[in-house]
Amino acid sequence: MAIGVRFDEVLAGAQAGDHSALEDLYRDLSPLVLGYLRANGSKEPEDLTAEVFIAVVRGIARFEGDETSLRSWILTIAHRRLTDEFRRRGRRPEDPLEPGALRERLRVIADTAESEALERLSSAGVIEALERLTPDQRAVITLRVIADLPIKEVAELLNKPVTAVKSLQHRALATLGRHLDMGSEAAMSGELTTQGRSSRIETATRSDD
């Protein structure tokens, strides 16, 4: 949920230590952080989300930029916390998710209004296909679709060259295409429209901006 026209006011308040403004930031951005952490394999997503926003509170006074930049900054913190968790767990970058894991993570964060759409995605094979991606591929796709970040910002967040992110994106989309139980790319876009994210998938599919 975007803060929108109130962003400058909310940011100024948060930087001044206003509790209401900080709560606004948490309320609007914590679902994005939690969803990113869950979708990318965190075993402690709620704890990591709390750590992320502790870091946000500590660093918000030094932040400069617009709402998109703030979202990218916060997701950068989230990604670093996730990387630290993987190191603690001894998880290798190529380790896949266990069968059904992503479906359960998405089910937890989906509200009632999204439950039907989630079931459609599950029956269409989209979630199962996402589970077949490597962590790096899934990170790229979720940042492009869930966070709606341009590819250059994804590259900066993941600390990878733009060319590497493009390659990860293309391989991820190829894997999704092979494993989706659907007849065409148009059908895939139609299912994703039920979640209101079709434009983001289409952008990730055809745009390198």
Query raised in the report: Radius of gyration and Dmax for the range 4-89's Cα atoms, expressed in Å?
Result: 12.9, 41
Report summary line: The simple spin-label model distance between Asn159 and Lys43, using points 7 Å out along Cα→Cβ, in nm, is 2.2 nm
Report task. Pop out the ³J(HN,Hα) list for the range 35-48 in order, Karplus 6.51 cos²θ - 1.76 cosθ + 1.60 with θ = phi - 60°, rounded to Hz; leave Gly and Pro as x. Result -> x, 5, 5, 5, 5, 10, x, 5, 8, 10, x, 5, 5, 5
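No value in this document is a laboratory result; all are computed from the given coordinates. Everything quoted here is computed from the prediction, not taken from an experiment. Positions of Cβ are generated from backbone atoms using ideal geometry, with glycine treated the same way; all protein chains shown enter the neighbour counts.
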